[in-house]
Amino acid sequence: MARVTLSVIKADVGGFVGHSGVHEELLTKARDTLAQKGKDLLIDFFVTHVGDDIELIMTHQRGVDDTGIHRLAWDTFVECTGVAKKLKLYGAGQDLLADTFSGNVKGMGPGVAEMEFEERPSEPVVIFMADKTEPGAWNFPLYKMFADPFNTAGLVIDPKMHLGFDFEVHDLIQHKKVIFHCPEEIYDLLVFIGAPGRYCVKAVYSRTLGGEICACSTTQRLNLMAGRYVGKDDPVLIVRAQSGMPAVGEVLEPFAHPHLVAGWMRGSHYGPLMPSAMDDSCPTRFDGPPRVVALGFQLAGGKLVGPQDFFKDRAFDEARRLANQIADYMRSLGPFEPHRLPLDELEYTTMPDVMKKLKDRFMPLE
Ligand code: F6R
Ligand code: MG
Ligand code: MG
């Protein structure tokens, strides 16, 4: 098998109802469009949704950043937007930030995670898709999967993992990247990725398997608009598993303990990332709590054999219960931090207007 590319491209082009889900007609339109327009480009595809985001999971042999594949995804989202407009769905076309396609969907609204690799004799992959949160949400689970021996037994006892992994971290504000060699640089790594609103793990590479790519996430630039950084996106993460990479169970294990992520209501609140089955992925309570779905596939000559809906497993029931308890607690704080995000990270704010109104009432402190 020659090299295969796995591309996951996602966008919110209209919510059903509000920002909670995707209407079935949009999913049908996406499948039909990929089947027709993608027949000479794709090996295989799978379309699903998490919350209000449509997820196009595609395999092909054209490499990453391919114009044909990106145009196909763009055209698919444009077609879906047509349906969303007809049904008057909420925010129809919201993630298509331009009128015409310019060669690559990056920076045009949709989120992209892609990796190209030589398909192994058996190639298990896990695709994580989240709603109501931001790309930095993957920092904590990626650290656990690839650097924490309390999560991943293989780091200690598998000779093919013992050398560790390299983490590629992006600074979303300065648009720079840096590679950390782990385990020896985990303390340096954590200085950065412990601040997930700015530093995101973009990719992870195996040090044993000749730098082979093991994981890759959607990250996008944050745009400075009106004095604030915006562009939080509902992110995707692709992880390859087994045979020198973390076992499927080690890949899923970090989600057994829900961590707090930024997003939720109005992209402006911290809440627990709740693992959910595919059919259970529509965030409702306070537009949340943030969701993550994990689908497993075996690749066979680029064909997507699957999916296995991992978080359907009852082993994640306790994580959901804990997430609900954390959600209750965080909600009890209402408009106070640390439920609400700090002022400079709010996606919505009235601060400039309120400040303007009150500016004459602020007196110097003696
Ligand atoms: C969060 C999200 C929703 C909306 C909220 C208000 O990422 O999408 O929580 O922010 O429903 O939406 P608008 O401003 O469209 O009424
Ligand atoms: Mg939405
Ligand atoms: Mg969304």
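The values are calculated or read from the model by the stated rules, or taken from the named source; none is laboratory data. On a predicted model such as this, the values are computed, not experimentally measured, just so you know. Reconstructed Cβ throughout: ideal geometry from the backbone, glycine too, with neighbour counts over all protein chains shown. Note: areas computed on protein heavy atoms with side chains; ligands, DNA, RNA excluded. Shrake-Rupley method; radii C 1.70, N 1.55, O 1.52, S 1.80 Å.
Restricting to Cα pairs below 8 Å that are 6+ residues apart, what does the relative contact order work out to for region 1-140? Please round to a whole percent. Could you put the intermediate results ahead of the total?
Values: 250 pairs, mean separation 50.7, N = 140.
The normalised contact order for region 1-140 reaches 36 percent.
Tell me the label-point distance for the pair Asp65, Arg31, using the 7 Å Cα-to-Cβ offset, in nm and rounded to one decimal.
Taking the two extended label points, one gets 3.4 nm.
Computing the accessible area with a 1.4 Å probe over protein heavy atoms, can you report the carbon and sulfur percentage for the chain? Could the numbers behind the result be given before it?
Numbers: 9200 of 16770 Å².
Ligands and nucleic acids excluded, carbon and sulfur give 55 percent.
What are the aspartates and glutamates whose alpha-carbon lies under 20 Å from the alpha-carbon of Lys88, with same-chain residues fewer than 8 places away excluded?
Asp12, Glu24, Glu25, Asp52, Asp53, Asp75, Glu79, Asp99, Asp287
In the structure shown, do any of Lys85/Lys132; Lys10/Lys86; Lys39/Lys176 have a Cα-Cα gap over 31 Å, and if so which? Write out the running numbers ahead of the final one.
Numbers: Lys85/Lys132 22 Å; Lys10/Lys86 21 Å; Lys39/Lys176 37 Å.
Too far apart for the 31 Å limit: Lys39/Lys176.
With a ≥ b ≥ c the root eigenvalues of the C-alpha gyration tensor of region 136-292, is it rounded (a/c under 1.5), prolate (a/b larger than b/c) or oblate? Please report the intermediate quantities before stating the final value.
Numbers: a/c = 2.28, a/b = 1.36, b/c = 1.67.
Oblate, because a/c is 1.5 or more while a/b does not exceed b/c.
Provide the solvent-accessible area of Tyr329, counting protein heavy atoms only and rolling a 1.4 Å probe, rounded to the nearest 10 Å².
140 Å²
How high is the relative contact order of region 277-361, in percent, counting Cα pairs under 8 Å that sit 6 or more residues apart? Spell out each step's value before the answer.
Working: 48 pairs, mean separation 14.4, N = 85.
Over region 277-361, the number comes to 17 percent.
Might you tell me the accessible area per residue for region 73-147, computed with a 1.4 Å probe and given in Å²? Show your work: numbers first, answer last.
Numbers: 2690 Å² over 75 residues.
Accessible surface, normalised per residue, equals 36 Å².
How large are Rg and Dmax for the chain when calculated on the C-alpha trace, in angstrom?
20.5, 75
Describe numerically, in nm with one decimal, the distance between label points set 7 Å from Cα along Cα→Cβ at Val156 and at Ala195.
Spacing of the two 7 Å Cα→Cβ label points: 3.3 nm.
Leu97 to Ile173: extension gain in nm, 0.36 nm per residue of separation minus the Cα-Cα distance? Before the final figure, lay out the partial values.
Values: separation 76, 0.36 × 76 = 27.36 nm, distance 1.99 nm.
Full extension of this stretch gives 25.4 nm more.
Between Tyr187 and Lys86, what length comes free when the chain is fully extended (0.36 nm per residue of separation minus the Cα-Cα distance, one decimal in nm)?
Values: separation 101, 0.36 × 101 = 36.36 nm, distance 5.21 nm.
Value of the extension gain: 31.2 nm.
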